[in-house]
Amino acid sequence: MKNNIILFTILTGILFSSCDAALDVQPENYLFEDQLVTDDKSAQTSLVGVYTQLNWTYYQYLEVMLPLMDGSLTTTNSTWIFGEASDNSFDSSQVSLNTVYEWPYYITNSANATISAVTDNASVSAGEHDRILSEAIF
């Protein structure tokens, strides 16, 4: 009986013990906002990343974004979303259509992270600070 009580106590202790140290591990391949900008060069790199995303997205989707939103996109092409745009019958489960609407939010998030990282950052020179903020706020 005494062994059962000791075993029960040990198992209960293990069951209710905390493992916070094992769960609070930072990802190795992730750059946090406080690590994003450490000097003028990294601030510029962050801004280039935003504009690279913007350029890629514009090339892929944004030239059709406004006509898609206001319903003025007309086409004789029945493939992808162009055919669906002409009769306003979009399939919401379509991955391509979801991507069209997701990427502007990703870009905005990247721009906001750059703005946040540069604002009140003493390691970025005043001139570079003003230039990057003026370019990141679009």
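The values are calculated or read from the model by the stated rules, or taken from the named source; none is laboratory data. Keep in mind that this is a model prediction, so the values were computed, not measured. Every residue, glycine as well, gets a Cβ built from its backbone with ideal geometry; the counts of neighbours run over all protein chains shown.
List of remarks:
- Complete set of residues in the range 38-82 that are aromatic (Phe, Trp, Tyr) and at pLDDT 85 or above: TYR51
- Complete set of residues in the range 103-138 that are among the small types (Gly, Ala, Ser) and part of a helix (DSSP H, G or I): SER110, ALA111, ALA113, SER116, ALA117, ALA126, GLY127, SER134, ALA136
- The one condition in (1) surrounded by fewer than 17 Cβ atoms within 10 Å (Cβ to Cβ); (2) of a type in the set (Val, Ile, Thr); (3) at pLDDT 90 or above that VAL118 fails to fulfil: (1)
- Count of the range 11-37 residues which are modelled with pLDDT of 85 or more and not in a loop (DSSP other than H, G, I, E, B): 0
- Taken together, the residues in the range 36-50 that are surrounded by fewer than 17 Cβ atoms within 10 Å (Cβ to Cβ) and farther than 17 Å from SER125 by Cα amount to 2.
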